[in-house]
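This report refers to the structure that appears directly beneath it.
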Amino acid sequence: MGFFFAQLLTGLSNAAGLFLVASGLSLIFGVTRIVNFAHGSFYMLGAYFGVTLMGILPDYLGSHVGFWGSIVLTGVIVGLVGALVEIVVLRPIYRAPELFQLVATFGVILMIQDLALMSWGAEDIMGARAPGLRGVFRIFGEPIPKYDIVLICITPFILIALWWLIAKTRLGILVRAATQDREMVGALGVNQRWLFTGVFALGSALAGWGGALQLPKGGADLLMDMNIIGPLFVVVVIGGMGSLPGAFIASVIISVLNVFGVTYMPQSTLVLMFVVMAIVLIFRPYGLLGKEEVAGEHGQVGAPEAPIRPFGRTGRLAVTGLLAVLALLPLVSDPFLLVLMTDIIIFALFAASLHFILGAGGLTSFGHAAFYGGGAYVAALLVTYAKAPMEIAFIAAPIGAGMLALVVGWFCIRLSGVYLAMLTLAFSQLVWSLAFQWRSVTRGDDGLINIWPSDWLSGQVPYYYFTLVIGAAGILFLRHVIHAPFGYALRAARDSARQAEATGINVKRVQYLAFALAGALAGLAGGLFVFAKGSVFPTELEIGKSFDALIVVFLGGIKTLSGGVVGAAFMATVEDWLTRMEYWRLMLGMLIIAVVILAPEGIVGSARRLGERLGLIKRAEAEE
Amino acid sequence: MLELERVNSFYGKAHILQDLSFSVGRGEVVALLGRNGAGKSTTMKSIIQLVRPKSGKVRFQGTEVTGQAAYRVARAGIGYVPEDRRIFTALTVLENLEVGRQPAREGAPHWSVEQLFEIFPNLHERRNQLGKAMSGGEQQMLTIARTLMGNPSLLLLDEPSEGIAPVIVEEMARAILRLKAQGLTVMISEQNLHFARVVADRAIIIESGEKKFDGTFAELEAHPEIRDAYLAV
């Protein structure tokens with residue numbers, strides 16, 4: 001009994017930090033409609049600033065005032081950082097499609113990563129203890145850290161304070177009004193730009209406070225930003241986007257569950273969280289206290305897309321030429337380039353499958369790596385355990401990934417927009433945690449090794465040709481589907497779900513099938529990958545991998561399938577060059593943000609626009 | 001008080017307002033008439049700057065407002081009541097009014113919540129109800145009251161009688177006449193000629209974004225061919 005109660009209290013105290021961070025994310029989303037992926041970075045910054053201030057302030061202000069003053073001040077500083085990010089990065093792109101905003105916040109993650117590395121070094125930093133709260137209380141004979149009890153007592157007040165701010169103050173009323181109709185709020189004389197900045201700053205400050213408050217229980221390290229994204233999104237999805245009480249309830253559920261999970265099922269703590277999420281979503285697709293998104297209310301904005309057209313003669317010639325060059329490459333190139341090209345082709349296929357669902361389908365999937373890595377794992381597991389020949393395992397990769405996509409899609413396709421993005425991300429984290437924690441089968445982060453192709457494909461040159469044929473066939477197949485009736489139905493569903501329904505298209509079914517198809521082709525790329533490298537690790541399933549593909553699609557330009565291919569080549573080259581530098585994340589982050597703000601049509605789109613301006617391409621007739 | 005000088009506005013490539021010029025004097029109630037799609041709403045939006053004119057000038061109390069942010073124009077004293085009402089459905093009536101609150105302005109009538117409840121008694125009864133629980137007519141009254149909370153010196157009313165029961169339209173007409181008596185300048189866009197004649201001193205008729213008539217209702221009645229050509233009666 002005592003032990004059980006102690007566990008419960010530990011979970012509740014952990015919920016405090018999680019709730020602070022999640023409420024900040026929820027608040028920002030509610031008003032700006034931006035899912036701030038950099039929110040974990042603000043949490044991390046909170047920990048770092050907090051540690052630094054706790055090393056300085058107590059000397060001047062005494063231990064108590066110094067400690068709590070540091071926490072308060074940390075929130076203020078992180079809030080200011082948030083305001084800066086909002087003004088510089090987000091203001092120019094509020095009207096852009098949501099993918100742009102999400103990619104921009106990912107650029108912010110990369111930048112903060114390196115800035116933190118520069119400022120605080122790579123070593124983990126231990127958190128300071130709270131003065132006067134070092135000991136434990138004995139409750140039912142079990143030791144409970146005093147600091148935990150303080151956190152448990154503080155949290156309800158934070159919830160009430162936030163609730164009061166939103167429900168009772170003029171600021172809160174304006175915030176809620178702006179959530180529904182920003183333009184109207186502006187037309188009534190409210191400077192909504194500063195309202196947005198203020199909300200963003202407050203949300204960031206909450207993340208900062210969350211980071212600082214957990215210091216006595218942990219510390220500060222460079223993995224905090226990514227580590228909290230999983231739980232954070234699960235909390236917000238379970239609680240319902242934009243609902244503060246929902247975030248509170250979900251934080252408690254997840255934190256308590258986690259503590260008990262560590263005790264009773266240490267092998268499945270990560271998985272457990274996502275299982276709970278899945279169960280909640282089966283019954284309440286918008287979370288416990290979330291409201292259904294009204295279709296069209298926050299739909300796509302910006303210029304209507306030019307229809308994708310089949311290739312003209314020039315296009316066909318260019319593709320044929322490119323394939324010919326690639327086919328002749330082994331005759332002239334050195335082995336290193338061949339390996340790089342194999343990687344690029346695999347990545348291009350992966351990116352093209354994401355582009356298919358994102359560009360043609362309009363479904364923002366943020367967990368596409370689940371299918372890429374999933375395919376790789378299916379093949380690797382078959383080789384490892386069933387001693388399957390390479391050919392069978394390779395064919396199983398897209399099939400397995402496609403089936404995984406059918407399962408994930410069943411949950412996700414019911415939603416749209418950012419809800420879909422968050423949910424796909426959470427599911428990919430579930431797949432990742434399975435690979436990471438189910439050691440007896442997947443061998444965890446030791447990975448599955450010795451997965452080599454059959455004799456007839458071994459060696460760089462044969463495998464390069466194999467990759468080229470499969471990769472090119474996969475990409476051309478996707479192109480073909482986009483121009484087939486199924487592709488028309490998919491694009492119709494993207495542009496106007498209601499009108500598509502009215503013309504007899506079963507929108508959800510079309511999207512579901514497209515999702516599965518994209519998953520299968522990502523799995524195909526994963527199959528190519530695992531036999532090229534001879535091994536697979538959980539990193540292939542990480543959030544970062546999904547983001548890589550998103551950035552590639554985005555850099556290349558979402559409106560064109562060739563964009564994904566160009567983006568993959570660009571990304572591989574730039575990464576190859578950038579990663580030689582010490583602070584390459586900073587560079588890449590700045591590059592991404594610059595592209596989002598300055599060239600929102602991506603490389604291919606911008607190049608075409610330049611071509612149009614110079615008269616090289618006929619306006620609006622430009623093909624993909 | 002308000003002058004438009006050769007204003008041209010576009011939606012994408014569609015040229016909506018074509019060299020539109022007119023002026024509204026202090027204390028006047030002017031009706032902007034025209035058929036569906038004539039450009040009435042775009043005219044309103046071009047004044048409050050929710051639509052930015054490509055060329056031409058909008059002057060308010062002698063100061064040019066063209067190209068400014070909408071919130072600045074609103075703070076300068078122009079109150080805008082949109083055609084599709086756009087009340088905040090998840091907020092209560094009182095909260096909706098709070099969003100519109102701005103400091104008192106010199107030379108413009110000052111409104112308190114109590115005074116507005118006096119003009120729109122229904123709102124008082126429903127002051128703690130959510131916006132979405134109200135009827136169309138009540139929502140329309142709420143948008144007007146919400147905008148008046150900003151103490152504007154010029155009120156832009158975009159088709160206030162559209163889709164509202166005749167009894168409520170009468171109530172609305174009485175309310176607008178009260179606002180006029182308080183010294184408020186009002187520009188009201190309408191398709192309902194009868195309603196416009198009751199509340200307005202002057203009529204401006206537009207068709208395809210061009211001005212076709214500008215004068216009193218007496219003059220308009222003297223030229224029934226204008227009415228027949230540009231208004232759906």
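The values are calculated or read from the model by the stated rules, or taken from the named source; none is laboratory data. None of the values given here were measured: they were computed from a predicted structure. Every residue, glycine among them, receives a Cβ derived from its backbone with ideal geometry; neighbour counts consider all protein chains shown. When the accessible area is computed, the model is the full protein with side chains, heavy atoms only, and any ligands, DNA or RNA have been set aside. Shrake-Rupley method; radii C 1.70, N 1.55, O 1.52, S 1.80 Å.
Tabulated data for the structure shown
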read-out	value
Probe 1.4 Å, all protein chains present, accessible-area order of A:Arg443, A:Arg176, B:Arg52, largest first	B:Arg52, A:Arg443, A:Arg176
Neighbour-limited loop hits for GluC sites (Glu not before Pro), the stretch A:66-135 (at most 14 other Cβ within 10 Å; DSSP other than H, G, I, E, B)	A:Glu123
Ellipticity estimate at 222 nm from DSSP helix runs (n ≥ 4, -39,500 (n - 2.57)) divided over chain B, nearest 500	-10000 deg cm²/dmol
Reciprocal mean inverse distance between Cα atoms of the stretch A:459-500 - Kirkwood radius, Å	12.1
Relative counts (whole %) of C-alpha pair distances in chain B, using bins that are 10 Å wide	8, 34, 37, 19, 2
Spherically averaged projected area of the stretch B:192-233 from its Cα convex hull (nm²)	2.8
Theoretical ellipticity at 222 nm over chain A - DSSP helices of four or more residues, -39500 (n - 2.57) apiece, nearest 500	-24500 deg cm²/dmol
Tail beyond 24 Å, pair distance distribution of the stretch A:351-459 (Cα, percent)	31
Angle in degrees between helix A:244-264 and the longest Cα principal axis of chain A, rounded to the nearest 10	90
Over the stretch A:108-183, equivalent-ellipsoid semi-axes from the Cα gyration tensor in Å	35, 28, 9
Point-to-point label distance, A:Ala388-B:Tyr11, nm (Cα→Cβ direction, 7 Å offset)	5.5
Degrees separating the helix B:166-181 axis from the principal Cα axis of chain B, which is the longest one	80
Accessible area buried, both sides summed, chains A and B with 1.4 Å probe, Å²	1800
Isotropic mean projected area of the C-alpha convex hull, chain A (nm²)	30.1
The stretch A:2-222: equivalent-ellipsoid semi-axes (sqrt of 5 x gyration tensor eigenvalues, Cα, Å)	33, 21, 15
P(r) weight above 16 Å for the stretch B:140-233, C-alpha pairs, percent	57
Local net charge near B:Arg26, Cβ-Cβ under 15 Å (Lys/Arg +1, Asp/Glu -1)	0
Tail beyond 34 Å, pair distance distribution of the stretch A:313-614 (Cα, percent)	19
Beta bridge orientation in the protein assembly as shown: antiparallel %, DSSP, nearest 5	60
Straight-distance crosslink candidates among lysines, where the alpha carbon sits under 25 Å from A:Lys508 and sequence neighbours closer than 8 are dropped	A:Lys291, A:Lys559
Angle between chain A longest axis and helix A:417-437 axis [Cα atoms, degrees, rounded to 10]	90
For the protein assembly as shown: accessible area per residue (Å², 1.4 Å)	41
Cα-Cα over 26 Å, subset of A:Lys168/B:Lys40; A:Lys168/A:Lys217; B:Lys13/B:Lys57; B:Lys132/B:Lys211	A:Lys168/B:Lys40; A:Lys168/A:Lys217; B:Lys132/B:Lys211
P(r) histogram, all alpha-carbon pairs of the stretch A:420-517 included - 10 Å bins from 0, percent	13, 23, 27, 26, 11, 1
